[in-house]
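Reading through the structure tokens given below for one structure.
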Amino acid sequence: MKFFLAVIGGGPAGYTAAEKASKAGKDVVLFEQNSLGGTCLNVGCIPTKSLLYGAKQYYNATHAQKYGVTAGDVAFDFGAMQKRKTIVVRKLVAGIKQRLNNEHCTVVNGFAKIKDERRTASGEWLIECNGETYEAENLMICTGSTNFVPPIPGIQDNPAVWDSTDALAASELPKSIVIVGGGVIGMEFATLYHELGVPVTVVEAMPRILPNLDEEVVAVLAEKYRKAGITILTSTKVESIEESGVRTADAEGAKTITAERILVSVGRRANLSGVEALKELELNRGAIVVDDFCKTNLPNVYACGDVTGKIMLAHVASRQAEVAVGRMLKTIPLQRIAYNAIPSVVYTNPEIASVGITEAQAAEMQIETEVRRLPMTYSGRFMAENEGETGLCKMVIDAKNHSVLGVHMIGNPCSEFVSAASFAVRMGYTTAEFEQVVFPHPTVSEILHEML
Ligand code: NAD
């Protein structure tokens with residue numbers, strides 16, 4: 001069976017590439033060993049957001065008094081939340097299947113393996129799946145990433161240890177939990193469990209949680225969570241994992257933290273299984289090296305998504321796929337990916353949303369900046385809907401040409417309007433240009449306009 005394009009992996013990178021190339025009239029085969037949608041849809045973004053939304057409903061109901069509402073006996077059913085999550089995921093998976101069917105893309109359910117390090121005499125790559133061999137002129141590797149398991153004594157085969165996939169599949173809430181790693185996954189699960197009444201301890205090796213995000217913005221979250229009763233231990237290493245907790249060490253010494261479950265969320269690593277035959281494929285720290293159009297060093301071989309180790313976000317993966325297919329088809333004007341304008345969101349409560357460089361990164365890059373800050377309470381809509389919350393919006397501006405280099409926010413619902421800031425960063429808007437954009441009143445998004 002011969003194809004123009006073979007895509008390995010059906011996550012946001014793979015299904016976007018397959019749909020786009022099929023839509024352009026090309027013969028495409030997509031291989032996926034599990035469900036279409038990849039980590040994001042099946043065991044990542046969507047299931048966590050479904051559960052977090054349920055937890056938020058419960059939390060809001062139990063904290064409604066500040067808005068003049070007294071709810072009676074508020075309770076939640078974790079099993080029902082899980083059931084709803086599964087239905088949401090199932091519907092979205094079916095939607096992707098339908099979209100690929102509509103474009104006549106061949107979808108093969110199975111583990112695909114590249115057969116040979118070289119192409120055939122006529123220039124095709126060979127892929128094996130379910131005992132069949134497929135030939136393709138172009139190859140796109142979208143095999144994603146897997147949870148990193150750090151070499152901590154006691155972690156292997158320990159039934160108390162969960163990764164994010166285990167946590168999402170659990171039918172019951174843990175009685176208590178220690179979360180190892182206060183990154184994005186760690187803090188989202190800390191939010192879920194805390195809002196559902198589970199005692200949470202976060203152990204983070206770095207001096208602060210969410211170390212890659214703006215320090216002041218993260219400080220607002222850390223202060224709120226500490227006051228709410230989440231234990232956050234920073235500059236603390238986990239020395240070993242026991243059946244009912246962890247043994248930690250910080251500057252003051254070692255201690256044991258007991259908990260029913262230990263969730264380990266210390267990053268993810270590129271997944272190269274299935275592509276081992278490509279011995280000449282260039283890698284950097286275990287991820288596939290690609291150029292600005294997602295081309296690898298091998299002829300007609302592209303890679304998109306987490307496997308490239310660039311920025312492990314679903315929207316980066318799908319944008320990479322769009323750019324790669326554009327390059328492959330040569331019909332679309334070549335567009336590089338604007339890695340400097342990738343928005344990101346952490347679904348804590350309140351949410352954190354950011355785009356572009358932080359004040360600290362600008363200093364490292366020796367860019368002279370002007371940094372503007374406003375509390376979210378400057379916004380009328382924020383005040384109306386976020387009783388007792390503060391929130392912060394920071395804008396990093398190039399001091400020389402006044403272009404917007406970064407925006408970093410905490411406060412609900414900043415995830416819903418960070419795209420406006422992304423647009424400004426992507427287009428290189430100066431503050432004067434961005435000021436010409438009118439924001440609807442009353443919305444929290446007006447905070448961006450207030451900063452200009
Ligand atoms: P991460 O890199 O965001 O965070 C890992 C954290 O673990 C870091 O803060 C690190 O300092 C800490 N750490 C590492 N080793 C440790 C140790 N031994 N003890 C204590 N702390 C340790 O990784 P993640 O949270 O696992 O997420 C994986 C990827 O998935 C990330 O790229 C993330 O962006 C992505 N993701 C994104 C979203 C979102 O966009 N909302 C949600 C979930 C995951």
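The values are calculated or read from the model by the stated rules, or taken from the named source; none is laboratory data. No experiment lies behind these values; they were computed from the predicted model shown. Heads up, the Cβs are rebuilt from the backbone with ideal geometry, glycines too, and the neighbour counts pull from every protein chain shown. The protein model used for the area step is the full one, side chains on, heavy atoms only, and it has no ligands, DNA or RNA in it. Shrake-Rupley method; radii C 1.70, N 1.55, O 1.52, S 1.80 Å.
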Would you pick out the residues in the range 415-430 that are of a type in the set (S, T, N, Q) and buried (at least 19 other Cβ atoms within 10 Å of the Cβ)?
SER422
Checking VAL444 against (1) more than 21 Å from the chain's Cα centre (by Cα); (2) assigned to a strand (DSSP E or B), only one condition comes out false. Which one?
(2)
Any hit, the range 240-250, residues being in contact with a Lys or Arg (Cβ under 7 Å, 6 or more places away or on another chain) and assigned to a loop (DSSP other than H, G, I, E, B)
no
Go through the range 367-411 and count every residue that is open to solvent by 70 Å² or more (accessible area, probe 1.4 Å), part of a loop (DSSP other than H, G, I, E, B) and under 22 Å from MET427 (Cα atoms).
4
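Does VAL325 fit the bill of being within 16 Å of the ligand (Cβ to nearest atom), touching a residue at least 60 places away in the same chain (Cβ under 8 Å) and open to solvent by less than 60 Å² (accessible area, probe 1.4 Å)?
Numbers: within 16 Å of the ligand (Cβ to nearest atom): no; touching a residue at least 60 places away in the same chain (Cβ under 8 Å): yes; open to solvent by less than 60 Å² (accessible area, probe 1.4 Å): yes.
No, not satisfied.
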Within the range 184-207, of all residues that are in contact with a Ser or Thr (Cβ under 6 Å, 6 or more places away or on another chain) and either assigned to a helix (DSSP H, G or I) or within 11 Å of the ligand (Cβ to nearest atom) (or both), the one most open to solvent (accessible area, probe 1.4 Å) is PRO207
Are any residues in the range 257-280 more than 13 Å from the ligand (Cβ to nearest atom) and in a strand (DSSP E or B), and if so, which ones?
THR258, ARG261
If you scan the range 130-183, which residues turn out to be open to solvent by 40 Å² or more (accessible area, probe 1.4 Å), part of a helix (DSSP H, G or I) and either within 11 Å of the ligand (Cβ to nearest atom) or of a type in the set (Gly, Ala, Ser) (or both)?
ALA169
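Please state which one of MET312, MET383, MET395, MET376 is under 30 Å from ILE288 (Cα atoms) and either outside the structural domain of CYS45 (by TED's automatic domain parsing) or touching a helix residue (DSSP H, G or I) at 6+ places or on another chain (Cβ under 9 Å) (or both). Let's see the steps before the verdict.
On the way: MET383 fails: under 30 Å from ILE288 (Cα atoms); MET395 fails: under 30 Å from ILE288 (Cα atoms); MET376 fails: under 30 Å from ILE288 (Cα atoms).
Just a single option satisfies the conditions, and that option is MET312.
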Quick check on my filter: what residues within the range 293-322 are open to solvent by 10 Å² or more (accessible area, probe 1.4 Å) and at positive phi?
ASN300, GLY309
Taking VAL217, is it in contact (Cβ under 8 Å) with a residue 40 or more places away in the chain, surrounded by 22 or more Cβ atoms within 10 Å (Cβ to Cβ), within 11 Å of the ligand (Cβ to nearest atom) and not small (Gly, Ala, Ser)?
no
